[in-house]
Amino acid sequence: MSLPRALRAHRRELGDAVTVYRNRPGAVTYVIAFLLWAVMPVGVIVNADEQMVANVLPPVIWGVIVIVIVVMLGGEVLVVCERGLVVGSVAPLLRPSAVPYAHLVPGTVVPILQARRFSSTTGRFWAVRTTRTGWWDSTAISFLADPSLGRVPAVSDWWFVGTGRTDPGEVTAQIARAAHRAGFDALAAATAAAEPRALTGTREDAARLMPGFT
């Protein structure tokens, strides 16, 4: 799902987009992708076939595969809207989630530093829907979304979202301003006052550094 289409789909619930934060891979990722692709042409040169098609087709197919992987990795977005957040991937065949401010638990929206210590701090070494971060992320935000605060009771979700090259404090400040304009004063005040927390790599610190984590 493209970003414009995702925003249209959630506009009635969340309002218009205020700020869009894209979490794309850095230059290192693109260099690695190119090197992975380059393995194929080198292999073809070393073991050239008499048929030209057999020499050209494998690098082209491998190139398409590498491009698809990079595009999928670069689809992560965090959109601050008037009445909530759009979080997740807008890569092909994927769709992001809507998180209304009415569901955010005041005091749990915090900026995170040293985000690469996520696995060692949380003990989670696998991907889940609410963990939206890449290996290139050194910063993130975390928050607890409790649907029971709204109209539809459901299981609470703890989110950890990479902010790429954007200061996580800038993201939480933007959320605080939008929440205040939408009338969620308790959420706005607690989020605006949240100080950055650096992950330590110690599991005992997880709940203290990332409110709502269990």
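Proximity of backbone amide H atoms, modeled 1.01 Å from N, is registered between Tyr21 and Leu78, Val79, Val80 at under 5 Å, excluding neighbours fewer than 5 places apart on the same chain. Protein heavy-atom surface of the chain, 1.4 angstrom probe: 62% of the accessible area is carbon and sulfur, with nucleic acids and ligands not counted.
Working from label points 7 Å from Cα in the Cα-to-Cβ sense, the Phe34 to Asp205 distance is 3.7 nm.
In the context of the full set of protein chains, the chain has a per residue accessible area of 53 Å² (1.4 Å probe). Span-like helix check, the chain: qualifying full DSSP H segments, with Cα axial length of 15 Å or more and mean Kyte-Doolittle of 1.0 or more, are 27-46, 52-73.
The values are calculated or read from the model by the stated rules, or taken from the named source; none is laboratory data. Predicted model, so just to flag it, every value in this text is computed and none were measured. Backbone-built Cβ (ideal geometry, glycine too); neighbour counts: all protein chains shown. In case anyone asks, the SASA skips ligands and DNA or RNA and just uses the protein heavy atoms, side chains included. Shrake-Rupley method; radii C 1.70, N 1.55, O 1.52, S 1.80 Å.
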